[in-house]
Amino acid sequence: MSATLLSMAFLPAEYPGLWTLTAPAPFADETSCQCQAPHEKLTIAQARLGTPVDRPVRVYADGIFDLFHSGHARALMQAKTLFPNSYLLVGVCSDDLTHKFKGFTVMNEAERYEALRHCRYVDEVIRDAPWTLTPEFLEKHKIDFVAHDDIPYSSAGSDDVYKHIKEAGMFVPTQRTEGISTSDIITRIVRDYDVYARRNLQRGYTAKELNVSFINEKKYRFQNQVDKMKEKVKNVEERSKEFVNRVEEKSHDLIQKWEEKSREFIGNFLELFGPDGAWKQMFQERSSRMLQALSPKQSPVSSPTRSRSPSRSPSPTFTWLPNKTSPPSSPKAASASISSMSEGDEDEK
């Protein structure tokens, strides 16, 4: 038993779509779990009420699903949520039918099958689905309703391949998602073909794999080289701009720091050498000290006369004796000294 069927066997039967959230949806020809309950024909009103209670409403949606995108997923989400209790079967047409009635596909049928199996809204995938739904196919898979957009789909010689489904009251319309489709995606690729071809050549694909001629291959490779050079020049310009910006930022920082230091230096200089600076006060103090040291204070000219104490004896008088070894320099100086001595003697008397 495969992992898919094994995971399905351990889940409750009343939740037929729950196991698809933990494993890929199974293929219809591998399950053998077709609805065994009596398949009574339902109306849309009955299905919207959630009846019958013994089984889910089996809804079928088909398509090509090439380049599976969000528009496909939204259509399947609508089909899954049409009724309170539903089981969504998705039919995918094979490559042969698609190439015959619609055209060439980008993805092959195996890739398209796998894309549908991994959509969260899909409960079962029917491979090689028919282009036109027959009563035998509807009966085989116990299909209650068919979900598709309401635009008439002309193909295989018919104006609308769902006309007989609509007449049988089994058709439930869904809404298309504007702005996204497989044709739109292919149109984008065709429009920008040169860009994608150049990109894939650069990634290692050969010109043969891309169906590119020899001349176009050389042209694309030359354009790739030009783009590389442009990218290098752009990188150099960006780096040079970054370098210039860094230099400017650093220069601004240096100028700002220099201004701050210069202000600090000028302030300290003025504080030290300014009109009221500390250096001037210190110089004045030192100058005054030097002046005091050079010119000491003079003694007073006249000192007060001290009264002699009667208890003290008179101070002895000293008689000046001329130095015999050094005679006076002149007779006038000698006479002056003698007269001064005589006056001193008179004062002592």
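Tell me the net charge near ILE266. Cut-off is 13 Å between Cβ atoms, ILE266 excluded, with +1 for each Lys or Arg and -1 for each Asp or Glu. Residues close to ILE266 contribute a combined charge of -2. With a 1.4 Å probe rolled over the protein heavy atoms of all chains, the accessible area of TRP131, TRP258 falls in the order TRP258, TRP131, largest first. Applying both filters, DSSP loop and at most 10 other Cβ atoms within 10 Å, to the GluC sites (Glu not before Pro) of the range 21-130 gives GLU40.
Sequentially through the range 171-186, phi angles give Karplus couplings (6.51, -1.76, 1.60; θ = phi - 60°) of 9, 10, x, 10, 9, 7, 8, 6, x, 9, 6, 5, 5, 5, 5, 5 Hz, Gly and Pro residues having no value and appearing as x. Only Lys, Arg, Asp and Glu carry charge here, each on its Cβ (+1 for the first two, -1 for the last two); on that basis the range 183-288 has a dipole of about 1000 debye about its Cα centre.
Under 5 Å between amide hydrogens, built in the peptide plane, is the criterion, and for ASP160 it picks out SER155 among residues at least 5 positions away or on other chains. Karplus-derived 3J(HN,Hα) values for the range 86-99, using 6.51 cos²θ - 1.76 cosθ + 1.60 with θ = phi - 60°, are 9, 10, 9, 9, 10, x, 10, 6, 6, 5, 4, 5, 5, 5 Hz; glycine and proline are entered as x. When the surface is traced with a 1.4 Å probe over the full set of protein chains, MET229 keeps roughly 110 Å² accessible. Each of PHE265, ASN235, THR206 was placed along the dipole of the range 183-288 (beta-carbon charges, centred on the mean Cα), and the one lying farthest toward the positive end is THR206.
Taking Lys and Arg as +1 and Asp and Glu as -1, the other residues whose beta-carbon sits under 12 Å from that of PRO24 total -2. With a Förster radius of 30 Å applied to the C-beta separation of THR134 and ARG188, the computed FRET efficiency comes to 0.25. About its Cα centre, the range 44-179 has a charge dipole of approximately 380 debye under the convention of +1 per Lys or Arg Cβ and -1 per Asp or Glu Cβ, with nothing else charged.
Where Lys and Arg each count +1 and Asp and Glu each count -1, what net charge lies around LYS234 among other residues with Cβ under 11 Å from its Cβ? Net charge in that neighbourhood comes out at +1. Sorting TYR87, TYR196 by accessible area puts them as TYR196, TYR87; the probe is 1.4 Å, largest comes first, and only protein heavy atoms count. Annotation: amide H-H contacts under 5 Å for HIS148 (H modelled 1.01 Å from N, sequence separation of 5 or more, or interchain): VAL172, THR174. Full extension of the chain between GLN281 and LYS142 gives 38.5 nm of extra length, using 0.36 nm per residue less the Cα-Cα distance. With the simple model of a label 7 Å out from the Cα in the direction of the Cβ, ALA45 to HIS252 spans 7.7 nm. Distant-in-sequence amide contacts of VAL125, defined by a placed amide H-H separation under 5 Å and a gap of 5 or more residues or a different chain, comprise PHE27, ALA28, VAL90. Placing a label point 7 Å from the Cα of GLU231 along the Cα-to-Cβ direction, the residues of the range 183-224 whose backbone N falls under 16 Å of that point are 195-205, 220-224.
Subtracting the Cα-Cα distance of TYR153 and ARG239 from 0.36 nm times their residue separation leaves 25.2 nm of extension gain. When a/c is below 1.5 the answer is rounded, else prolate if a/b is larger than b/c, else oblate, so apply that to the range 83-175 with a ≥ b ≥ c taken from the square roots of the Cα gyration tensor eigenvalues. Verdict is oblate for the range 83-175.
The values are calculated or read from the model by the stated rules, or taken from the named source; none is laboratory data. Nothing here was measured: the structure is a model prediction, and the numbers come from that model. Don't worry about glycine lacking a Cβ; one is built from the backbone with ideal geometry, like all the others, and counts go over all protein chains shown. For accessibility, only protein heavy atoms count, side chains too; no ligands or nucleic acids. Shrake-Rupley method; radii C 1.70, N 1.55, O 1.52, S 1.80 Å.
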